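Enquirer: Below you will find the structure I want to go over with you.
Quick note: the coordinates plus some simple rules give every number you see, no bench work behind them. Since the model is a prediction, treat every value here as computed from it, not as a measurement. Note that each Cβ is placed from the backbone with ideal geometry, even for glycine, and that neighbours are counted across all protein chains shown.
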């Protein structure tokens, strides 16, 4: 027995959505909670969608031309029970969806810290044309287009833009949030499983937008400590002059690291977006 082509296409799309590196394949608490909200909202909305689809077919079949039992009542205009059902179901759907939105908007507030026995790792994010700069202020190191983090440890992001507005998004870990010049937004995420997860810019920002991507390497705490040592041993500094060169528009940038970062570089970028920050006094 052959399966219809349309049915096969639907199954392929559903399987791809579930197995691809997207929002339906979360690897962190925020991503998992967002997927649950998506599924719950879909089930609630089906309470209206499914009966309407079934009723449409039923009415078309019952009031067909050949059915002599169907009565035509052109003067009928109101029935209290029918009106109650017709309006009660959508009202309940809106109520349930509103409740989910209200609760989740507080539980998943980007600024809310994640509960954990481990101290969060501070990461400062700067969106450039067309690349991502990740600064680890507590470690005094930085990387471009590659975010490395230990598994099971919360990440507290502070984000800004050195130019146009952009959008920071790691689909498998959770929330998308904007980066804006002269402003600092906050985001808290965590990776629960080891692996490499794609990150991207979800806001069109010019010629190099399509290649403004980065990877998130979620590794063990031991491997993270080794990466820190390797980054420091690799050398390279990121001061005002190096940042001015880095901030120039460029496309398809390969990941790179910096062993030393000027103190409070993020604050300097935040205070003067689009300009090369001055050296901070020690």
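Enquirer: Distance between the C-alpha centers of the range 52-70 and the range 208-226? Whole Å please.
Expert: What the calculation gives is 58 Å, centre to centre.
Enquirer: Normalised by the number of residues in the chain, what is the relative contact order in percent for Cα pairs under 8 Å and 6+ residues apart?
Expert: Rounded, it is 20 percent for the chain.
Enquirer: Given the range 38-181, what percent of its DSSP beta bridges are antiparallel, to the nearest 5?
Expert: Here the antiparallel bridges make up roughly 60 percent for the range 38-181.
Enquirer: In degrees, nearest 10, range 0 to 90: what is the angle between the Cα axis of helix 80-107 and the longest Cα principal axis of the chain?
Expert: So the helix axis and the longest Cα principal axis differ by about 10 degrees.
Enquirer: What is the helix-to-structure angle for 5-19, meaning the angle in degrees between its Cα long axis and the longest Cα principal axis of the chain, kept from 0 to 90 and rounded to the nearest 10?
Expert: Helix 5-19 and the main axis of the chain meet at about 40 degrees.
Enquirer: Please report the relative contact order for the range 173-282, taking Cα pairs under 8 Å with a sequence separation of at least 6, and give it as a percent rounded to a whole number.
Expert: 24 percent
Enquirer: Once the Cβ-Cβ distance between residue 79 and residue 117 is put in as r, and R0 is 41 Å, what FRET efficiency do you end up with, to the nearest 0.05?
Expert: The value I calculate is 0.10.
Enquirer: If packing is taken as the average number of other Cβ atoms within 10 Å across a peptide's residues, how do 46-58, 178-190, 217-229 rank, most packed first?
Expert: Packing order, densest peptide first, comes out as 178-190, 217-229, 46-58.
Enquirer: Against the longest alpha carbon principal axis of the chain, how many degrees, from 0 to 90 and to the nearest 10, is the axis of helix 29-62 turned?
Expert: 20 degrees
Enquirer: Restricting to the chain, what percent of DSSP beta bridges are antiparallel, rounded to 5?
Expert: 65 percent
Enquirer: For a quick check, take a GNM of the chain with Cα springs below 10 Å and name the residue from 149, 70, 41 with the largest mean-square fluctuation.
Expert: Result: 70 has the largest fluctuation of those listed.
Enquirer: Okay, next question. When the helix-only estimate is applied to the chain (DSSP H runs of n ≥ 4, each -39,500 (n - 2.57), divided by the residue count), what is the mean residue ellipticity at 222 nm, nearest 500 deg cm²/dmol?
Expert: Mean residue ellipticity, 222 nm, calculated: -12500 deg cm²/dmol.
Enquirer: Out of all DSSP beta bridges with both ends in the range 101-219, state the antiparallel percent to the nearest 5.
Expert: 65 percent
Enquirer: Can you tell which of 146, 73, 35 shows the greatest fluctuation in a Gaussian network model of the chain with Cα springs below 10 Å?
Expert: Fluctuation is largest for 73.
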